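The values are calculated or read from the model by the stated rules, or taken from the named source; none is laboratory data. Keep in mind the model is a prediction, meaning the values are calculated, not measured. So basically every Cβ, Gly included, is an ideal-geometry build from the backbone, and we count neighbours across all protein chains shown. Remember, those area values only see protein heavy atoms, side chains included, never the ligands or the DNA or RNA. Shrake-Rupley method; radii C 1.70, N 1.55, O 1.52, S 1.80 Å.
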Amino acid sequence: MKRDLILLVILFLAGVVYPLTGTEFLAIPIMALLFVGWATSWDILGGWAGQVSLGHVAFVGIGAYFVAVGAEHYGWAPWWSLLLAVGFSMILALVWGALTFRLQGVYFAMSTIAIAEVIRMIVINENWLSGGATGVFIISLPTLMGFDLLNKVTQFYLALGFAVFVLLWVIVLSRSRLGYQLRAVREDEQSAMAAGINPLRAKLVAFVISAMLTTLGGGVYGLYLSFMEPDVLFNLFFSIQIALTAIVGGRGTVWGPALGAIILVSASEIFRTTFAQANMLVYGVLILIVMLFLQRGILGEILYHRIRKAYANRTQG
């Protein structure tokens, strides 16, 4: 844990210094940091608890829409709108989990798609609430301690703060009682119950935490976009992309989802500029190769072989 915290501090300081170099190259780093936070948040449920959700984009959209609608329709400051969004998402996660955690495997994943789609249809059809299919603009916002929230440098620091905050949560979770309970539930629910663990309670807590953190990132994303459109924010491919980021990096590890985010966001941009219209094909092939040959994800495979080697050395000694 100490090593993880030291690495987190180093990365945070590097992030703080980056915009001070005068670079204008901020769009990709902002998206990379957002995906670090989203994938790590997703992994609390999908990796640590073993419940693969394909509907997490709903929480991204809730965070973004609450900020936009709160500002443009009601004149609320974005921090109050985001606080409401987090509260709403936590309640939604409780109800969502209570309804769907009885399902297993692919059935649970399909149910998360269905619920996310219901939320998308509500956003599209309730014009009075969300602006409907035409979406909603953020035209102006109050400053936060003198910082313009629509400025890219400010948004970079917000994305950095979001990513670091989520990683800190997971570092603490990995050594907490809840973290051990989630791993036990993921490996074998029956054995976990025999050990006195309530699987439903553990998974609900994981879902609530995951939803809360994902919604925070959605709020930052809303500021970054400045224009909310349902078909963009509630897109199923967006949900799959968040899940794949964590899976490629290594589910159930502290740094795996972050590694996956950096690799996939960077690869997506490189392929888009290098391969033009074929970029999605190359991107898909990259993901396929990783999932075929590194089934535990990149960092997951590294840790697995390191543990096996350490165990072999210990038994031989």
- Message: List the residue pairs whose Cβ atoms are under 7 Å apart, where the first residue sits in the range 202-220 and is acidic (Asp, Glu), the second is open to solvent by 10 Å² or more (accessible area, probe 1.4 Å), and the two are 6 or more positions apart or on different chains.
- Response: none
- Query: Restricting attention to the range 97-107, which residues are part of a helix (DSSP H, G or I) and either without any contact (Cβ under 8 Å) to a residue 24 or more places away in the chain or in contact with a helix residue (DSSP H, G or I) (Cβ under 6 Å, 6 or more places away or on another chain) (or both)?
  - Reply: GLY97, LEU99, THR100, VAL106, TYR107
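Kindly establish whether ILE298 is within 30 Å of ARG183 (Cα to Cα), open to solvent by less than 30 Å² (accessible area, probe 1.4 Å) and either modelled with pLDDT under 70 or not charged (D, E, K, R) (or both). Lay out the reasoning, then the answer.
Values: within 30 Å of ARG183 (Cα to Cα): yes; open to solvent by less than 30 Å² (accessible area, probe 1.4 Å): no; either modelled with pLDDT under 70 or not charged (D, E, K, R) (or both): yes.
No: the conditions fail for ILE298.
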- Item | Among residues of the range 124-170, those that are in a helix (DSSP H, G or I) and farther than 25 Å from ILE44 by Cβ, counted | 12
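Going through LEU213, LEU167 one at a time, which residue ends up being more than 25 Å from TRP76 (Cα to Cα) and surrounded by 19 or more Cβ atoms within 10 Å (Cβ to Cβ)?
Answer to the check: LEU167.
For the range 68-90, give me each residue that is over 18 Å from the mean Cα position of the chain (by Cα) and not small (Gly, Ala, Ser).
Applying the first criterion (over 18 Å from the mean Cα position of the chain (by Cα)) to the range 68-90 yields 68-81, 84.
Answer for the range 68-90, where residues must be over 18 Å from the mean Cα position of the chain (by Cα) and not small (Gly, Ala, Ser): VAL69, GLU72, HIS73, TYR74, TRP76, PRO78, TRP79, TRP80, LEU84.
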- Query: Can you tell me which residue in the range 243-266 is nearest to the chain's Cα centre (by Cα), limited to those that are open to solvent by 10 Å² or more (accessible area, probe 1.4 Å) and more than 18 Å from LEU303 (Cβ to Cβ)?
  - Reply: LEU244
- Query: Hey, ALA77 hits all of (1) within 29 Å of PHE165 (Cα to Cα); (2) surrounded by fewer than 24 Cβ atoms within 10 Å (Cβ to Cβ); (3) touching a helix residue (DSSP H, G or I) at 6+ places or on another chain (Cβ under 6 Å); (4) touching a residue at least 40 places away in the same chain (Cβ under 8 Å) but one; which does it fall short on?
  - Reply: (3)
- Query: Just to be sure, is ALA194 open to solvent by 70 Å² or more (accessible area, probe 1.4 Å), over 30 Å from GLY132 (Cα atoms) and without any contact (Cβ under 8 Å) to a residue 60 or more places away in the chain?
  - Reply: yes
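Only residues that are aromatic (Phe, Trp, Tyr) and open to solvent by 50 Å² or more (accessible area, probe 1.4 Å): list them for the range 96-129, please. Give the steps one after another, and end with the answer.
Taking the range 96-129 as the starting set, the residues that turn out to be aromatic (Phe, Trp, Tyr) are 96, 101, 107-108, 128.
Within the range 96-129, TYR107, TRP128 meet the criteria.
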